[in-house]
Amino acid sequence: MPDTRLDDLQQAHIRQLQKAYADILQQQGYDAVLISSGAAPVRYADDQYHHHQGYGHFLHWTGLAGIEHSWLLIDRDGSARLWLHTPVDFWHATAEIPAEAWTQLIHVEGQAGTGVPEIAYPERLAVIGDPAQINTVKGQVNPPALLAALDHLRIYKSEYEVECIERANAQAARGHKAARDAFLNGASEFAINLAYQQATAQREVDAPYHSIIGLNDHAGILHYQHYQIDSPPRARSLLIDAGCRYRGYCSDITRTTAAPGESRFQALVNGVESLQQRLCDAVAPGADYVELHHRTHLGIAALLKAADLVTGLSEEAMVDKQITRAFFPHGLGHFLGIQVHDVAGKPRPSPEHAPALRLTHRLEPGMVVTIEPGLYFIPSLLPPLLNGADGQHLNRPLIDELKSCGGIRIEDNVQVTDSGARNLTRPYLPE
Ligand code: GLY
Ligand code: MN
Ligand code: MN
């Protein structure tokens, strides 16, 4: 059945892009910009290709994540023309020319070859894409000022984009529920990943990032990249950080589950959960994301104190002495959109005490951010703390008891609205 509401939103989104691109091209003195979809490179010394997920500028207009060797030309009046790669090929399926509502605004035609469409280009042409794939095109390749303006545009999501991110959340939420059930039934990391894929009806390569699925101590590896085939003898915890793509737009959700009987770890999970909810509630226009990150550290300090993991120090001292940083070494979150770590997050550099922070904006309506506090027992970060000047403040027996639970992260996707915020994850995944 046609989704006319989404079609209408998409057309409004494209109209906004047409106007914004026209303004930027005129301001910067270009007649047109040619945008490459990109294409997966071949693996070194092999005849197999990497998997392609589309580049941001191309997806901003089309949402066509799996398309390669295609080209989009935007004129200085905002009119758009798409050449979709439609080779005659008996090895692979060929893309169909779409018959969707957005093609009323973007003229689409097929092209058998992989090269730049052979048309007469205007004189002042900018070309955007992977330099290795566009370096023979006559035009200004990836001009920095143009890229900066187009990246800035992506900070403010249209209603259509927020709807796509919300649908990507609904889809991923089904996977998170299935993953939790699988864990509670004793599944391995590998089997939990299968349960996630089954429930989301999404191939792993099409996900916005490699799903992070860690049992026990693997939950303490921030971007754990493997799946153990066998279940551990005693499963104590699950951390799953996994998302979906919907029409090119990403969700990025994390949940942590304590096994039944893990009451101490469960108490910490509850503490991170309530901190995470307070931080989500603090998202609003004007809120300074760097300040929210600092507030997260104070919240982690309060949890460490309440759990008796750190004793004899005030919360501020724990932050100043960088004790909280050993337990929470990443940033509070980032922009989310076409890319999981969406562009233009840092108008100012990350502060010295938070080098991993990917977002330093004061929040504004239209932004979509993640809120993802964590508390981990990371083998490489704890010994310097335990053996350093503040080692006497750390509860070693308790750390030893909890470290094989790995860690906790809880992550939602949040839209900044005119008056506050809207959580795009919780309606689909309340806990
Ligand atoms: N999934 C990676 C992240 O949360 O940033
Ligand atoms: Mn994230
Ligand atoms: Mn994540």
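Remarks
- Of the residues making up segment 125-141, those that are assigned to a loop (DSSP other than H, G, I, E, B) and surrounded by fewer than 15 Cβ atoms within 10 Å (Cβ to Cβ) are Asp130, Asn135, Thr136, Lys138.
- Pairs are defined by a Cβ separation below 8 Å, a sequence spacing of at least 6 or placement on different chains, a first member in segment 195-217 that is acidic (Asp, Glu), and a second member that is within 16 Å of ligand 3 (Cβ to nearest atom); the pairs so defined are Glu204/Asn193; Glu204/His210; Glu204/Ser211; Asp206/Arg245; Asp217/Gly406.
- Residues within segment 314-329 that are buried (at least 17 other Cβ atoms within 10 Å of the Cβ) and of a type in the set (Gly, Ala, Ser), tallied: 1
For (1) among the acidic types (Asp, Glu); (2) more than 16 Å from ligand 3 (Cβ to nearest atom); (3) touching a Ser or Thr at 6+ places or on another chain (Cβ under 6 Å); (4) in a strand (DSSP E or B), each residue gets a yes or a no:
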residue: Tyr227; (1), (2), (3), (4): no, yes, no, no
residue: Ser231; (1), (2), (3), (4): no, yes, yes, no
residue: Arg234; (1), (2), (3), (4): no, yes, no, no
residue: Leu238; (1), (2), (3), (4): no, no, yes, yes
residue: Pro260; (1), (2), (3), (4): no, yes, no, no
residue: Ala267; (1), (2), (3), (4): no, yes, no, no
residue: Ser274; (1), (2), (3), (4): no, yes, no, no
residue: Gln277; (1), (2), (3), (4): no, yes, no, no
residue: Gly299; (1), (2), (3), (4): no, yes, no, no
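- For Leu303, the stated conditions do not hold, so it cannot be described as more than 16 Å from ligand 3 (Cβ to nearest atom) and closer than 25 Å to Glu161 by Cβ.
- Residue in segment 245-260 that is surrounded by fewer than 18 Cβ atoms within 10 Å (Cβ to Cβ) and more than 16 Å from ligand 2 (Cβ to nearest atom) present: yes
- Residue that is farthest from ligand 2 (Cβ to nearest atom) [pool: residues in segment 319-343 that are free of Cβ contacts under 8 Å to residues at least 40 places away in the same chain and touching a helix residue (DSSP H, G or I) at 6+ places or on another chain (Cβ under 7 Å)]: Val319
- Segment 188-218: number of residues that are crowded, with 20+ Cβ neighbours inside 10 Å and part of a loop (DSSP other than H, G, I, E, B): 4
- Selection within segment 288-316 - polar (S, T, N, Q) and either in contact (Cβ under 8 Å) with a residue 60 or more places away in the chain or closer than 19 Å to Phe377 by Cα (or both): Thr296, Thr311
- Filtered residues of segment 219-234 (kept if touching a helix residue (DSSP H, G or I) at 6+ places or on another chain (Cβ under 7 Å) and either buried (at least 19 other Cβ atoms within 10 Å of the Cβ) or within 28 Å of Gln53 (Cα to Cα) (or both)): Ala219, Tyr224, Tyr227, Gln228, Ile229
- Meets criteria (surrounded by fewer than 16 Cβ atoms within 10 Å (Cβ to Cβ), part of a helix (DSSP H, G or I) and among the small types (Gly, Ala, Ser)) for Ala149: no
- Residue identified as away from ligand 3 (no atom under 16 Å from the Cβ), over 30 Å from His152 (Cβ atoms) and surrounded by 18 or more Cβ atoms within 10 Å (Cβ to Cβ) among Leu309, Leu292: Leu309
- Some residue of segment 199-212 being among the polar types (S, T, N, Q) and within 18 Å of His334 (Cα to Cα): yes
Read-outs: derived from the displayed coordinates by stated rules, not from any lab. Since this is a predicted model, take the numbers as computed values, not measurements. Virtual Cβ from ideal backbone geometry, glycine too; neighbours counted across all protein chains shown.
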